[in-house]
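Below is one structure; the comments refer to it alone.
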Amino acid sequence: MLTAHPEPARTTPARSARSAVWLRLLGAVVAGLLLYVAFPPFGAWWAAPLGLALVVAVVDGCRVRSAFGLGALVGVAYQLPLLNWTGEYVGAVWLLLLVALVVVVAVPVALFPLVTRLPGAPVWVACVWVAGEALIERWPFDGFPWAKVAFGQPGGLFAPLASLGGAPLVSFAVALSGAGLWALVRALRPPRRPRAAAGALVAVLLGPLVGLATLPSVRADTPGPAITVAAVQGNVPRAGLDFNAQRRAVLDNHVAQTRRLADDVRAGRTPRPDLVIWPENASDIDPIRNADAAREIRAVTDEIGVPVVVGAVLSGTRGPDGTLVQGPRNASIVWVPGQGPGATYVKRHILPFGEYIPLRGVAELVSPLVDRVTDFEPGTGTGVLPAGPARLGVVTCYEVVFDDSVRDAVRGGADLLTVPTNNATFGYSDMTYQQQGMSRLRAIEHDRAVVIAATSGQSAIVAPDGTLVARTGPLFTPGLLVETVPLRTTTTLATRLGPGPEWGLVALGLAAVAVGLVRSRRDAA
């Protein structure tokens with residue numbers, strides 16, 4: 001008796017196509033998550049080139065429209081977990097920011113298929129990625145470049161490149177390595193192409209090898225003066241936007257911690273600092289207009305006997321009819337013993353959805369919590385303040401993400417950088433650790449020590465080579481850091497070149513897209 005055996009199920013073209021689509025969708029999500037975990041507090045810097053390799057792989061062979069959709073999925077998987085702190089206390093309105101940022105990620109990814117068929121594809125992919133980050137630096141909402149891949153690299157092999165060409169060169173090297181990895185895998189598939197594989201391997205390794213070669217100069221101990229600096233972390237009554245409902249308590253906390261420092265100095269437990277730095281919003285009571293706040297700050301400054309850089313909110317000004325003529329300003333004031341307030345810097349890059357609400361009319365429809373945010377007035381200037389023996393470059397909180405903010409301070413003569421920050425506004429999120437990573441990269445980029453003074457943590461002292469010298473403990477605890485830091489006047493190649501490397505890479509990326517577009521139309525004809 002013959003037994004009929006069923007034929008094995010055949011994979012139809014339609015089923016294969018559906019499987020390929022699902023693989024691309026899954027790959028886009030994984031790629032975005034790999035980019036996310038490269039950032040602190042995870043710090044898996046090596047995940048970023050893997051993520052970018054996967055990004056190129058999932059859009060390879062796609063049309064621009066399909067690649068845009070996959071790029072948007074990458075953007076959501078990347079930006080949503082990385083930036084959810086922006087909506088910690090203003091509700092779903094931050095999704096307006098997320099949508100804009102996802103679009104800015106999706107646009108360069110959509111252009112990848114136009115350049116992946118050109119000779120030297122990894123170079124052009126990396127240039128197009130940098131062009132996308134250049135856009136994020138300036139748009140939307142005057143720029144929101146928090147998610148630049150360079151900021152996930154402070155502890156990795158790519159970080160020393162910041163001293164050569166700043167954050168854009170680091171992002172380029174990471175993208176080049178990722179695109180090179182994609183090209184290497186493609187070249188090793190049958191029929192193998194040894195020459196293409198060799199070129200791809202160069203793209204993979206070039207950034208890390210140049211980084212290793214640059215590392216000795218980054219770590220070189222430049223002779224010069226040094227000072228002892230103290231960062232005061234007073235802590236806040238509670239997390240969130242309501243922390244300033246107890247504004248006097250915040251000021252009192254920082255006064256108390258500074259008095260503790262003065263006691264330790266008198267007792268010989270701590271060396272006398274040359275300069276004390278308070279965080280952003282340490283005095284949300286305007287110390288220029290409020291006599292009580294000024295009295296407290298003056299008393300503790302005279303007690304410690306050295307300049308104290310006070311992060312303060314300067315009140316807004318209203319006209320006779322009650323109309324707001326000038327909004328409140330986020331300032332850093334050098335308070336001098338025996339004299340009072342001196343040089344002042346007003347933060348010029350203010351945080352969307354934190355210090356002002358873009359599209360307020362639309363935002364109010366999304367979340368009523370936006371009414372709790374008063375729009376601040378941006379300042380001007382380079383942020384360089386004479387502060388005792390230092391020429392202090394002040395880069396207030398969010399400003400550390402902008403290349404021009406830090407570069408302008410260093411070019412303006414800053415020999416020490418500080419990032420006063422108020423992370424209490426964003427609760428127990430990862431924002432403080434991400435910002436710390438950015439500060440470390442900026443230290444390498446400009447060969448400057450960086451003092452991070454935070455209201456609620458994590459405060460830190462960063463050496464010019466990007467290493468963490470000291471940091472406070474858990475979030476929402478008071479703390480003091482007292483360390484000796486160098487005052488540097490040297491300038492790195494990145495400082496001297498300024499935005500030149502970024503614009504050069506952007507021009508190459510746009511040129512490659514134009515060539516790819518012409519070839520695509522010619523092939524379709």
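The values are calculated or read from the model by the stated rules, or taken from the named source; none is laboratory data. This is a predicted model, so every value here is computed, not measured. When we count neighbours, we look across all protein chains shown, and the Cβ atoms used for this are built from the backbone with ideal geometry, even at glycine. Accessible surface areas use protein heavy atoms only, side chains included; no ligands, DNA or RNA. Shrake-Rupley method; radii C 1.70, N 1.55, O 1.52, S 1.80 Å.
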note = Expressed in angstrom and rounded, the centroid-to-centroid distance over alpha carbons for region 170-197 and region 115-157 is 18 Å
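What FRET efficiency comes out for residue 518 versus residue 63 if R0 is 22 angstrom and r is the Cβ-Cβ distance? Round to the nearest 0.05.
0.85
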ask   = Rounded, prolate or oblate: which fits region 178-266, taking a ≥ b ≥ c as square roots of the Cα gyration tensor eigenvalues, rounded meaning a/c under 1.5, else prolate when a/b beats b/c?
value = oblate
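Could you calculate the contour length gain from residue 470 to residue 299, that is, 0.36 nm times the residue separation minus the distance between their Cα atoms, to one decimal place in nm?
Full extension of this stretch gives 58.8 nm more.
Hey, with R₀ at 56 Å, roughly what FRET efficiency would residue 477 and residue 16 work out to, going by the Cβ-Cβ distance, to 0.05?
0.50
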remark   = Using eta = 0.692 mPa s and T = 37 °C, Stokes-Einstein with Kirkwood Rh from Cα pairs puts D for the chain, in µm² s⁻¹, at 135 µm²/s
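Listed highest first by mean packing, meaning other Cβ atoms within 10 Å per residue, what order do 178-188, 212-222, 483-493 come in?
178-188, 483-493, 212-222
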note = On the formula 1/(1 + (r/R0)^6), with r taken between the Cβ atoms of residue 228 and residue 263 and R0 of 22 Å, the FRET efficiency rounded to 0.05 is 0.85
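Can you give me the accessible area per residue for the chain, using a 1.4 Å probe, in Å²?
That works out to 41 Å² for each residue.
How much length would be gained if the chain were fully extended between residue 362 and residue 220, taking 0.36 nm per residue of separation minus their Cα-Cα distance, in nm to one decimal?
46.0 nm
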ask   = What is the Cα coordinate range of region 323-450 on the first, second and third principal axes, sorted by size from largest, in whole angstrom?
value = 49, 34, 25
ask   = At a 1.4 Å probe radius, carbon and sulfur cover how many percent of the accessible area of the chain?
value = 61 percent
inquiry  = Quick check: Cα centre of region 14-38 to Cα centre of region 404-455, how many Å?
reply    = 35 Å
message = If I take all pairs of Cα atoms in region 104-240, what percentage of them are more than 24 Å from each other?
response = 47 percent
remark   = Quick note, region 381-505: a/c under 1.5 would make it rounded; otherwise a/b > b/c is prolate and the rest oblate (a ≥ b ≥ c, C-alpha gyration tensor); here it is prolate
